[in-house]
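Before any comments, here is the structure.
Just so it is clear, none of the values below were taken in a lab; they were calculated from the coordinates. The model shown is predicted, which means the values in this text are computed figures rather than measured ones. In this analysis, Cβ positions are derived from the backbone assuming ideal geometry, glycine residues included, and neighbour counts consider all displayed protein chains.
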Amino acid sequence: MPRKVLIVTSSLRKKSNSERMAEEAARGAKDAGNTVEVISLKDKEIHFCRGCLACQKSGKCVIRDDMDTMTGKIRDADVLIFATPIYYYELSGQLKTFLDRCNPLYPQEYAFRDVYLLSASAEEGEKVAEKAVSGLKGWTACFPKARFAGSVNGGGATAPGDVEGHAKTLKAAYELGRAIR
Ligand SMILES: Cc1cc2nc3c(=O)[nH]c(=O)nc-3n(C[C@H](O)[C@H](O)[C@H](O)COP(=O)(O)O)c2cc1C
């Protein structure tokens, strides 16, 4: 049965390496027969979580911005793939803010069961992304029906578009998507 895959990309720059990896994962997931939607945080208005916790009773955030539509997409997808540039060995601030703003989902029913991370970084090696992976694992652990299902880091990618020359990284991102079923 095809799964509903939602990919959230968080780099704000043109020719983003992590976004390119996300495109490959989307292609792989589609080839495996899944339905795929990709949303970018570029040009989105997303304010910081204020920590008021009103959402824990109402199920809705008090802030009116682009999270109004995106939180529901997260709740209803079967599979979530997040793509981030590595910033100071961590998730990008924009992705962290996005994840914090998913707090209305904490007391709710949700469909997602598998959570993946794609990341791009200047430095090479899986170790570069381990704190970012740990951050997303922490978020996933707050949704006990879901599991952290895997990650790919595209190292050696500094300038926009660098990952284009990294066939191994793009293949790994494609295979991550292709394995979803
Ligand atoms: C603020 C900032 C912090 C960064 N920190 C790191 C880092 O800690 N380790 C690293 O390897 N690369 C670091 N980089 C480089 C980016 O991860 C790299 O350029 C990556 O390709 C960006 O992905 P994107 O093209 O999807 O935006 C940093 C870049 C910026 C702008």
C-alpha long axis of helix 130-141 to longest principal axis of the chain, angle in °: 30
Share, in percent, of DSSP beta bridges within the stretch 76-181 that are antiparallel, nearest 5: 5
Residues K57, K30, sorted so that the one with the fewest Cβ neighbours within 10 Å comes first: K57, K30
Potential lengthening between E90 and E164 on full extension [0.36 nm per residue; Cα-Cα distance subtracted]: 24.4 nm
Mean separation of Cα contacts under 8 Å (6+ apart) over length of the chain, as relative contact order %: 32
28 Å Cα-Cα reach of K131 towards lysines, excluding residues that sit fewer than 8 places from it in its own chain: K4, K14, K15, K42, K44, K73, K96, K145, K168, K171
Sequence-separation-based contact order of the stretch 15-90, relative, with Cα cut under 8 Å and 6+ spacing, percent: 36
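How high is the FRET efficiency between L53 and E130 when r is their beta carbon distance and R₀ equals 30 Å, given to the nearest 0.05?
0.50
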E23, E109 arranged by Cβ crowding within 10 Å, fewest neighbours leading: E109, E23
Using alpha-carbon coordinates, inclination of helix 17-31 to the longest axis of the chain, degrees: 80
Neighbourhood net charge (11 Å Cβ-Cβ; Lys/Arg +1, Asp/Glu -1) for A26: -1
Computed log₁₀ I(q)/I(0) - Debye formula, equal Cα scatterers, no solvent, the chain, q 0.09, 0.16, 0.18 Å⁻¹: -0.29, -0.92, -1.16
